[in-house]
Structure formats: structure tokens, C-alpha cells
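Okay, structure first, notes after.
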Amino acid sequence: MLQNLQKDKYKLLQAFNELHTFPLISTVFLQQQSGDIYVDDPENITTVFVIHKSGFALLILSDEYSDFVGIADFIKANRNLPDYFHIYAPPEKFMAYLKTQSEIGIRIRQRVKLQYRDNSIDIKVQLPDNFKCYPINAENFDKLSSFNLNLENKYWDSKAHFLKDGYGYYIEDTNKVPAAICYSACVADNVSEIDIFTEDRYRKMGLGKFVTAYFVRGSIERGITANWDCFVENAASFTVAKNMGFVPVKEYTFLSIYFKK
């Protein structure tokens, strides 16, 4: 059975380069955002399970390790895991084993990671008259609650945490009401995970592209690479990212797990 690894022991995981593949996972390992790391044996680690507070996880197995029964039992027994969570790039044999478990429901999809690697960006989209774009700061942060994104707690630990280590931009309409936002879900290893949202009534106006372009520009100024992640089947999101200059760097399997009643 996997056991929780204490934070002062995280240095034991330095040889696992996979921990730096996905920004949200990196933040847990680097102790920049909240989450948990479980291992099979702190004295001889062959299995690592990392889960971010938002429900995104990574399972790392050594080549010779195949105790899928134990890992599945751990998932069933651990009440600290969310009722619905996701595993990046899970081992094929592990997914095959989960299909035999009647208590666990799974959904398997493909996602693609894209990154903006140029040193400049041309903001081609024009805002409608009297719409304005602003950087997120302490003065306007509370106004962004109208998006219902739980900005200060979904990925970050607090408003102060986001303002210290995160960044983002948002657009206001003519009535100074927030209409669209692009912000960092996390920043790790000089890579920023993008999260974008546009209110329904303002969609198809190019606001998402505009605020994302501003976010990319802000990332470049900070020496940070902007990371866009979407489902392969989401052709619209994938096309927008490529048209803005993001380049695909990794396609991977995305496993969602939930517990059946």
C-alpha cells in the first residue's frame, strides 16, 4: 500500500524527471502549491503517486513494478482523494487493470500540451469600443469573483498566494464588468499553466484571444513559457492555440477516475 511521503523527504524524488513534465505536478514536488505525494517505500522508491489539490495527478512506475492491485486498492481506500480526479499519461497496463474494477469508473481521452516559445507576440485582435484589459492586482482581484472560478483556492492557497506567485489579465466591458480572463493556474520550472474563461454573453467576440495574447506578452516579459493544454477532440481550442503561435510539444493520454455508487 502506498504511503504519504513527508515533505522533508521530497528530495528523495529528485531522480524522477517525470515530476517536471506537467506544471501542476511540479508545483507539488517543489512545494509551491498544495498536494500530496505517495510512495511505496521511502527507502527504495519504485512507485510515486502525486496529486495536486485541484485533482490532477501523476503515477510513476518503475519498469519492473506491476502491483496494479495494490495501487487500485490504495485509490479505493484513500478517503483524501477527490471523488473525481485525473491522471496524466497513466501506464497502459494500469488503465487495463482499472477496467476490471467494478467499483471504479474511468474515462480515457487524449490531450495535447502546447507552448508559446517565441520571444514576442503580435496582438492582432481588437477590443470592442470601451472594453479594456487590465493586469490582475490587489485592487481588482475581488471583482473577479463574478467569474465563479474560485481563483484564490482552486489551484492556489489564497488570494495572497496568487498575487505573490501568480499573474494574469482580464477584460472589462463598457460597464466595468469582468468579461474574460486569462491567468496562471500555476508557475513551475519557468512554465505557466494557462487557464482561460469568457462569460457566455461575450463569446465569439475574440476576447479570449485578446486576453490570452496579453497573458503571453506578460509571460515573455517575466521570462516564463506559457503552456496551453486542451483535449485533442477540442478542435476549436487546438486551432486557436496554433493560430496564436503555440506549438504542440506533447500529446498524452488523460485518465479520469471516479467512484461508482
Review point. If we restrict to alpha carbons, what Rg and Dmax does the range 1-102 come to, in Å?
Key: 12.7, 37
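Once the Cβ-Cβ distance between Val69 and Glu43 is put in as r, and R0 is 25 Å, what FRET efficiency do you end up with, to the nearest 0.05? Show your work: numbers first, answer last.
Working: r = 22 Å, r/R0 = 0.87.
Given R0 = 25 Å and the Cβ-Cβ separation, E is 0.70.
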Check your understanding: Given the options Gly70, Gly245, Gly55, which has the most mean-square fluctuation in a GNM of the chain, springs set between C-alpha atoms less than 10 angstrom apart?
Key -> Gly70
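Which helices of the chain meet both criteria: a Cα extent of 15 Å or more along the helical axis and a mean Kyte-Doolittle score no lower than -0.5, with helices taken as whole DSSP H segments?
Flagged H segments are 207-222.
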**Study point:** Inter-label distance, nm, simple model (7 Å from Cα along the C-beta direction), Lys143/Leu12
**Key:** 4.9 nm
Review point. Running Debye on the range 44-134 with equal point scatterers at the Cα sites and no solvent, what base-10 log of I(q)/I(0) appears at q = 0.19 Å⁻¹?
Key: -0.96
Practice item. Report, by chain and number, residues whose modeled amide H sits under 5 Å from the one on Thr225, excluding near sequence neighbours (fewer than 5 apart, same chain). Key: Val191, Ser192
Exercise for review: Given the options Val232, Val216, Val50, state which has the largest fluctuation in a GNM of the chain using a 10 Å cut-off (strictly under) for Cα springs.
Suggested key: Val232
Revision key, fill the gap. The whole-number value in µm²/s of the Stokes-Einstein translational diffusion coefficient for the range 179-261, with Rh from the Kirkwood sum over alpha carbon pairs at 4 °C and 1.567 mPa s, is 92 µm²/s
Practice item. Please tell me the relative contact order of the range 1-45 in percent, rounded to the nearest whole number, where contacts are Cα pairs under 8 Å and at least six residues apart. Key: 54 percent
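Calculate, for Asp122 and Thr239, the FRET efficiency according to 1/(1 + (r/R0)^6) with r their C-beta to C-beta distance and R0 25 Å; round to the nearest 0.05.
Details: r = 18 Å, r/R0 = 0.70.
About 0.90, to the nearest 0.05.
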**Study point:** Label point distance in nm, Glu251-Ser102, each placed 7 Å from Cα along Cα→Cβ
**Key:** 3.7 nm
Check your understanding: Between Lys159 and Gln31, what is the label-to-label distance in nm when each label sits 7 Å out along the Cα-to-Cβ direction?
Key -> 2.8 nm
Check your understanding: Of the residues Ala72, Ala226, Ala213, which exhibits the maximal mean-square fluctuation in a Gaussian network model of the chain defined by a 10 Å Cα contact cut-off?
Key -> Ala72
Check your understanding: In Å and whole numbers, how far do the C-alpha atoms of the range 133-183 stretch along each principal axis, longest first?
Key -> 32, 18, 17
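Before anything else, pin down the relative contact order of the chain: Cα pairs under 8 Å, at least 6 apart, normalised by residue count, whole percent.
Details: 466 pairs, mean separation 64.0, N = 261.
Relative contact order for the chain comes out at 25 percent.
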Review point. Going by a ≥ b ≥ c, the root eigenvalues of the Cα gyration tensor, does the range 114-213 fall in the rounded group (a/c under 1.5), the prolate group (a/b larger than b/c) or the oblate group?
Key: oblate
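Could you please tell me the mean projected area of the C-alpha convex hull for the range 97-160, averaged over all directions and given in square nanometres to one decimal?
On the way: hull surface 37.4 nm².
The Cα convex hull of the range 97-160, projected and averaged over all directions, gives 9.4 nm².
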Point to revise | Shape box of the chain [Cα atoms, principal axes, largest first, Å] | key: 60, 37, 37
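Just so you know, all these numbers are worked out from the coordinates, no wet-lab data involved. These numbers come from a predicted model, not from an experiment. All Cβ positions, glycine included, derive from the backbone under ideal geometry; neighbour counts span all protein chains shown.
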